[in-house]
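Participant: Structure in structure tokens, see below.
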Amino acid sequence: MRVSPPSRLDCGILLVSCSVLLVELLLTRIFSVTMFYHLSFMVVSLAMLGFGASGLLVNLFPQRFREENLAAQLVVSCIFFAVTTVAAIGASFLLPVSLETTAENWMRVGAVYALCAIPFVAGGLVVSLILTHHAKQANRLYFFDLLGAALGCLAFIPATNVLGAPTAVLAAAALAASAGVVLGRGVGRLRLAALGTAAVLVVLAIVNTREGFYDVRFIKGSRQPPTLAMKWNSFSRVDVVGTKEELWNPKPPVFAGFSAKLDPEYAVAEVWLRYDADANTQITRFTGDPSTLTHLQYDVSSTAYQMRTYHDVLIIGPGGGRDILTALHMGSGPVTGVEINPITLSLLRTRFKTFSGGLYNDYPGVHMVNDEGRSFLRHGSQHYDLIQASLVDTWAASAAGAYALTENNLYTVEAFEDYLQHLTPDGVVSFTRWFSRPPVESLRVVSLAMAALNDLGVKDPAEHVFVIRTNPEDVLTASLGSILVKHSAFTAAEVAKLRAWAQELGFIVEYAPGTSSEPATDFDRLLGTGSAAFIASYPYDVTPVYDDRPFFFNRVPILRWAGRKLSFVSSTSQSAKLGIGVETLFISLVMTAGCTALLLLLPVVAHRRKARTSGVSTRRGTLWALYFAGLGLGFILVEIVLIQRFSLFLGYPVYSLSVVLFTMLLASGVGSLLAGRLTRAAALRRALVGLCTALVVYAWLLPRVTDAMLGASTSARIAVTVALIAPLGLLMGIPFATGVRRAGAESKDLVPWAWAVNGGSSVFGSTLAVLISMTYGFTASFLCGAVAYALALAVAFVVTRNEQEVAA
């Protein structure tokens, strides 16, 4: 079949789709800074419903979207998308959003959502109108739609790295306006307006790189403080808080892990390094002599060094270098630091090189690596005396968009097995976490360690764990705790050393091998003979989590909580409360479910009135809508799981976005283009049967292949990822465009309805996928995607079996 060169419609839909996906990803990145990542997830999910709502508008008001007005309406929609994108995000820069549950705060959240939904409606109108009036070319148009989205995904990384997220918004808006120029043949004045809009936005983007007039003004409900440095990339914004005057001014060090025995007159110059305006780490003034940093030995995270010195130390997530300095001060080394964020390394190696004493610039005994912790371990064979991670969190919205509540893979049973297997025979793993009341996080770390030790054949894990914490009554701050885990059992001499140090500094030993606390602590119960009963009766979830369900920070079992609230089941978690992340997830689920139901039902009501004139019965129209709902739900469930699964496999967040999402979108587009040759209904059904079968096979195959290849080189893992995703993407690209073409042949009214329902179910599915994954794991979520496609297959059998009769 001869392929003609791209038409203006092809190019226009490509540019718009590229811009829309780029704006979606930028919104996620920006809102993770201005709001908390839980709210970021909800707002972007709801705003994306605007994309589906565009199809509803075209379906309900077809007389206003006639084909003779298509060119003018496409140009106006492109301009409107560009202008409202800049205005909506600019307004969100000025609205302080906090975690307060006041009416005023929720009104600000609602305002941000309403403003950001407007451009997505405009962008969706472009795609919906083109598909509606050119349904016969649906397979080809859908290819360019997905190709544009894939290019937007690819452009997101350099755009944020080079321009920063706010300036990248201006560039994305200019791209959308340029789509109006491409689509504006025959409407000269409007085309000129689109060209002018694009030109103005390009100029504004250039000026903004220097002046910064279009930028974040409020973060986490407070005004943006002065910064010494600020840099964006595709998965974070990193800034160094303070002024030049404060930089070299020694002050008493601030950290929750310090003992009250630290001399209150002791002072050291420090600045705060922040990620997405929330997660903090210090850059400490370092002259090159570690022995001068005496305050570090008063820190509870230095517990492991109180037993002995260590020859090889691995620090996971060193941030500003605090844990590395502690190791050097306590006489240990050499030290390897594995830092995932390249901005951190860049800042300490350039602007703060002198301040940090060149710690990250080949300082003797320090080797820095830009990688993800577990990925680094899996690719190497070296063993360490100490592996340490202090307060390593991922409190940021995922770069994959509003598709996940971000957790990392450092807190799973498989992760602790990796740590223990890379220890020397007498080596130690040290994790420092917030020690709340009840100490859910610390208990869960111990639970992970117990499960990993059991899997590695350790008979009595209770002899291999030590837990210590600060006394918040002494230091008047939140308590911080350190959990030490050894491959070999703690000796009596080691325990005695640690207890003596804890007593000297006023720290509290929560658990030590060979001794018992009076009264017994939660850790005594967890590590004792009644461990299983303790976990089952505990009000919060402290069960070990695995790579298939890595939601370490999810404190309350969702189904147990919901069942108790609805009085379906009795539960011991009477006092347990959902975290803010899960609460907003539930709000998002309810709202997206309601909106998706409206996208499905409103056209049903309208269709009843015009069924006679449209030539398609309401029943048949509803079946087509259910078909496209199944496709949207299935696609997003599968997509999210693939992104999550390959995040660990590829070992770097940028790869998950650029390789996984790009490959999937591009392969689906190619599948749509190839499916243009499928003229028989049986071919569509066979494609869906093949897809459902492939998904079931992949659910079993993926974890095994990725686990077996996790230690391969980066290039080999990327090649394996592409090889695994491309065939699945090809199959997933066939059903939507082929269905649009067939539905459009029956009635134009069905096409925008299909677009609306598909978009709404995709957004609803993004929230549903997280809930399923949190409760049952990624494999279950993946299989639910297969079930959604199976429902679409069942409907396809119904709508295509009598196709010839319908056509007649």
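A short reminder: the numbers here are calculations on the coordinates, not readings from a lab. Please read all numbers here as calculations on a predicted model, not as lab measurements. Glycine gets a Cβ as well: all are built from the backbone with ideal geometry, and neighbour counts include every protein chain shown.
Participant: What is the fewest-to-most order of CYS595, CYS116, CYS784 by other Cβ atoms lying within 10 Å of their Cβ?
Facilitator: Going from sparsest to densest Cβ surroundings: CYS595, CYS784, CYS116.
Participant: Each label point is 7 Å from the Cα along the Cα-to-Cβ direction; what then is the distance between the points at SER291 and VAL605, in nm?
Facilitator: With each label placed 7 Å out from Cα toward Cβ, I get 8.1 nm.
Participant: Give, as a single signed number, the net charge of other residues whose beta carbon lies under 14 Å from the beta carbon of ALA179, with Lys and Arg counted +1 and Asp and Glu -1.
Facilitator: Residues near ALA179 contribute +1 overall.
Participant: How many percent of Cα pairs in the stretch 66-136 exceed 18 Å?
Facilitator: Here the tail beyond 18 Å accounts for 50 percent of pairs.
Participant: Treat each spin label as a single point 7 Å out from the Cα along the C-beta direction, and report the ARG217 to THR491 distance in nm.
Facilitator: 6.4
Participant: Once the convex hull of the alpha carbons of the stretch 707-808 is built, what does its volume come to per residue, in cubic angstrom?
Facilitator: Given the Cα convex hull of the stretch 707-808, per-residue volume reads 131 Å³.
Participant: Can you give me the distance in nm between label points at ALA72 and ALA536, each placed 7 Å from the Cα along the Cα-to-Cβ direction?
Facilitator: Here the answer is 7.2 nm between the modelled labels.
Participant: Give me the angle, in degrees from 0 to 90, between the Cα long axis of helix 778-801 and the longest principal axis of the Cα atoms of the chain, rounded to the nearest 10.
Facilitator: For helix 778-801, the angle is close to 10 degrees.
Participant: To test your reading of the geometry: what angle, between 0 and 90 degrees and rounded to tens, separates the Cα axis of helix 8-34 from the longest principal axis of the chain?
Facilitator: Value to nearest ten degrees: 30.
Participant: Can you give me the orientation-averaged projected area of the convex hull built on the Cα atoms of the stretch 1-224, in nm²?
Facilitator: 13.1
Participant: For ARG189 and VAL162, what is the calculated FRET efficiency with R₀ set at 41 Å and r taken between the beta-carbons, to the nearest 0.05?
Facilitator: Using R0 = 41 Å, I get an efficiency of 0.75.
Participant: Separate question: With +1 on each Lys and Arg Cβ and -1 on each Asp and Glu Cβ, and nothing else charged, work out how big the dipole of the stretch 1-224 is about its Cα centre, in Debye to the nearest 20.
Facilitator: 380
Participant: Sort SER442, SER381, SER488 by Cβ crowding within 10 Å, fewest neighbours at the top. Spell out each step's value before the answer.
Facilitator: Values: SER442 28, SER381 7, SER488 14.
By the 10 Å Cβ count, ascending, the order reads SER381, SER488, SER442.
Participant: How large is the direction-averaged shadow of the alpha-carbon convex hull of the stretch 579-808, in nm²? Intermediate values should be presented prior to the final figure.
Facilitator: Working: hull surface 51.9 nm².
Its Cα hull, projected and averaged over all orientations, spans 13.0 nm².
Participant: Run the numbers for ALA269 and ALA478: contour at 0.36 nm per residue of separation, minus the present Cα-Cα distance, in nm.
Facilitator: Extending this stretch completely gives an extra 73.0 nm.
Participant: Among GLY186, ALA199, THR209, pick out the residue whose Cα is farthest towards the positive end of the charge dipole of the stretch 180-227, where Lys and Arg carry +1 and Asp and Glu carry -1 on C-beta, about the Cα centre.
Facilitator: Positive-end residue among those listed: GLY186.
Participant: Please find the FRET efficiency linking ARG680 to VAL207, where r is the Cβ-Cβ separation and R0 is fixed at 51 Å, and quote it to the nearest 0.05.
Facilitator: 0.35
Participant: Cα-based Rg (one decimal) and Dmax (whole number) for the chain, in Å?
Facilitator: For the chain, the Cα radius of gyration and maximum Cα-Cα distance read 28.1, 91 Å.
Participant: Send over the Kirkwood Rh of the stretch 294-349, from the inverse of the averaged 1/r over different Cα pairs, rounded to one decimal Å.
Facilitator: This gives a value of 11.8 Å.
Participant: Another question, if that's okay. Counting Lys and Arg as +1 and Asp and Glu as -1, each charge on the Cβ, what is the dipole of the stretch 424-474 about the Cα centre in debye, to the nearest 20?
Facilitator: Details: 5 positive and 7 negative charges, 37 e Å.
Value, rounded to 20: 180 debye.
Participant: Right, next: Placing +1 at every Lys and Arg Cβ and -1 at every Asp and Glu Cβ, with all other atoms neutral, what dipole size does the chain have around its Cα centre, in debye to the nearest 20? Walk me through the numbers on the way to the answer.
Facilitator: Working: 61 positive and 54 negative charges, 786 e Å.
Its charge dipole is roughly 3780 debye.
Participant: Using only the alpha-carbon atoms, how far is helix 103-133 inclined from the longest principal axis of the chain? Give it as 0 to 90 degrees, nearest 10.
Facilitator: Approximately 40 degrees, to the nearest 10.
Participant: Using +1 at the C-beta of Lys and Arg and -1 at the C-beta of Asp and Glu, which of LEU783, PRO439, PHE507 has the Cα lying farthest in the positive direction of the dipole of the chain?
Facilitator: The residue sitting most towards the positive pole is LEU783.
Participant: For ALA260 and HIS311, calculate 0.36 nm times their separation in residues minus their Cα-Cα distance, and state this gained length in nm to one decimal.
Facilitator: The span from ALA260 to HIS311 would gain 15.4 nm if fully extended.
Participant: Note down the net charge around ALA327, summing +1 for each Lys or Arg and -1 for each Asp or Glu among other residues with Cβ under 13 Å from its Cβ.
Facilitator: Here the count lands on -2.
Participant: Ok, one more. Not counting the cut sites, what is the longest span of the chain without chymotrypsin sites (Phe, Trp or Tyr not before Pro) that DSSP labels loop and that have at most 11 other Cβ atoms within 10 Å?
Facilitator: No qualifying site falls inside 249-567, the longest such stretch.
Participant: Can you sort GLU265, GLU510 from fewest to most other Cβ atoms within 10 Å of each residue's own Cβ?
Facilitator: Ordered from fewest to most neighbouring Cβ atoms within 10 Å, GLU265, GLU510 come out as GLU265, GLU510.
Participant: Find which of LEU386, PHE80, ILE483 sits farthest along the positive direction of the dipole of the chain, computed with +1 on the beta-carbon of Lys and Arg, -1 on that of Asp and Glu, about the Cα centre.
Facilitator: PHE80
Participant: Based on the alpha-carbon gyration tensor of the stretch 442-511 and its eigenvalue square roots a ≥ b ≥ c, which shape applies: rounded if a/c is under 1.5, prolate if not and a/b is larger than b/c, or oblate?
Facilitator: Oblate shape, in that a/c is at least 1.5 and b/c is the bigger or equal ratio.
Participant: State the antiparallel share, in %, of DSSP beta bridges confined to the chain, rounding to the nearest 5. Can you show the working numbers first?
Facilitator: Numbers: 36 of 54 bridges.
The answer is about 65 percent antiparallel.
Participant: Also, I was wondering about something else. So which of LYS231/LYS353; LYS459/LYS486; LYS251/LYS497; LYS261/LYS497; LYS220/LYS353 end up more than 25 Å apart by C-alpha?
Facilitator: LYS251/LYS497; LYS220/LYS353
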